[in-house]
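Have a look at the structure below before the remarks.
The values are calculated or read from the model by the stated rules, or taken from the named source; none is laboratory data. What you see is a predicted model; the values in this text were computed from it and never measured. Please note: Cβ atoms are built from the backbone with ideal geometry, for glycine as well, and neighbour counts cover all protein chains shown. The protein model used for the area step is the full one, side chains on, heavy atoms only, and it has no ligands, DNA or RNA in it. Shrake-Rupley method; radii C 1.70, N 1.55, O 1.52, S 1.80 Å.
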Amino acid sequence: MTRPQSGIFAEQSTAFEVIEYRAKTGATLQQIRMALAELKQQLDTIELVIGFGPKLLQTLTGSNETIFDEYTPRQSSHGHQAPATQTDLFLWFHSNDQNNLAEALIDLQPIMEKVMTMTQQCSGFKYRDNRDLTGFVDGSANPKDLAAKQQAALVAAEHPLAGGSFILGQIWQHQLSKFHHQSISEQEQIIGRTKADSIELSGKAMPNNSHVSRTDLTIDEVAQKMYRRSMPFANASQQGLYFLGFSCQLSRFDALLDSMYGLTDDGITDRLLDFSQPVSGSYWFAPSEDMLATLLQS
């Protein structure tokens, strides 16, 4: 297998940054390649994952055809919105040393502002024992060993994009006071897991509109596994989660979102949407290290 970007699977970090960009009008392909190559070479003290939106990847590869589709908005029958804010470039930095992360961010912008316009920035952190700010463990459904994580996250070897990973990124804003106003039992019904020890509800105890029920999917006898690396964020005015998922197939993200928003045959909507809403949404592709090196060659 070609080498994936190592930062996808590095789990020791406690501080995270996601920055999204759109390419500036007039920025040449050569200038973009040079900026990203400089960035990758300079930021060697932290984990860095680079992902490209459909248009930028098509330009970098010189393909005459769209390689993958942009993120599309969704709306449930109850009015829940999943807006599309597709961007060209995704940069994910993370480290267990906040000093190194801060220094990387200071060095970043002078390089990128020549060719890119920043559209989103989100600062995240590891919250307690990998919990979301709702108090529930996040990523409980992730595969447990590295081989299984790679199988879920990386494009298969026989594919031209082998060793790369499709990315879904969304900023979710929580209504924490509304959620925490619910009893613990009711919160567990919303999520589909126990709060204290993250045990999945079973049988009649599991509501069909719980978050687990709407996101733990099997299609044509194939479990739609993905590798979640989401990060909580919080300040005095906003709290939420930057949902970050890596998948071997873009279709798995589409299936997940359709199920959450009641756009499947059963029409059931994820109850979590009553307590948290996304305000952004993009798809990107994180090439393997080998493909990335080729794309950034001058």
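Would you mind counting up the charge near residue 136? Only other residues with Cβ under 12 Å from its Cβ, with Lys and Arg at +1 and Asp and Glu at -1. Its environment carries a net charge of -2. Only lysine pairs 8 or more places apart or on separate chains count here, and in the chain those with Cα atoms under 15 Å apart total 4. Distance distribution P(r), segment 213-264, all Cα-Cα pairs, bin width 5 angstrom from 0: 4, 17, 23, 22, 14, 10, 6, 2, 1 percent. Carbon-plus-sulfur accessible fraction, segment 1-106 (probe radius 1.4 Å, protein heavy atoms only): 45%. Working from Cα pairs under 8 Å separated by at least six residues, relative contact order for segment 157-298 is 39 percent. Compared with the dominant principal axis of the Cα atoms in the chain, helix 29-42 is inclined by about 70°.
How high is the relative contact order of the chain? Use alpha-carbon pairs under 8 Å, at least six apart in sequence, and give a whole percent. Write out the running numbers ahead of the final one.
Numbers: 596 pairs, mean separation 86.7, N = 298.
Once divided by the residue count of the chain, the mean separation gives 29 percent.
Per residue, the chain exposes 46 Å² of accessible surface when a 1.4 Å probe is rolled over the protein heavy atoms with every protein chain present.
Can you give the calculated 222 nm mean residue ellipticity of the chain, where each DSSP H run of n ≥ 4 adds -39,500 (n - 2.57) and the sum is split over every residue, rounded to the nearest 500 deg cm²/dmol?
That comes out to -7500 deg cm²/dmol.
Once the chain from residue 129 to residue 289 is taken as fully extended at 0.36 nm per residue, the excess over their C-alpha distance is 54.6 nm.
By the compact-protein rule of thumb, 2.2 N^0.38 Å, the alpha-carbon radius of gyration of the chain corresponds to a ratio of 0.99. For a modelled paramagnetic label at residue 63, 7 Å from Cα along Cα-to-Cβ, the residues of segment 280-295 in reach, with backbone nitrogen under 11 Å, are 285. Across all Cα pairs in segment 5-113, the calculated P(r) in 5 Å bins from zero up to the longest distance comes to 2, 10, 19, 20, 17, 14, 11, 5, 2, 0 percent per bin. Here the accessible area of segment 144-298 is 50 percent carbon and sulfur, with a 1.4 angstrom probe and all protein chains present. Between the Cα long axis of helix 98-112 and the first principal axis of the chain there is an angle of about 50°, rounded to the nearest 10.
Applying the Kirkwood pairwise sum to the alpha-carbon positions of segment 152-298 produces a hydrodynamic radius of 17.0 angstrom.
At an R0 of 45 angstrom, the distance between the Cβ atoms of residue 44 and residue 81 translates into a FRET efficiency of 0.65.
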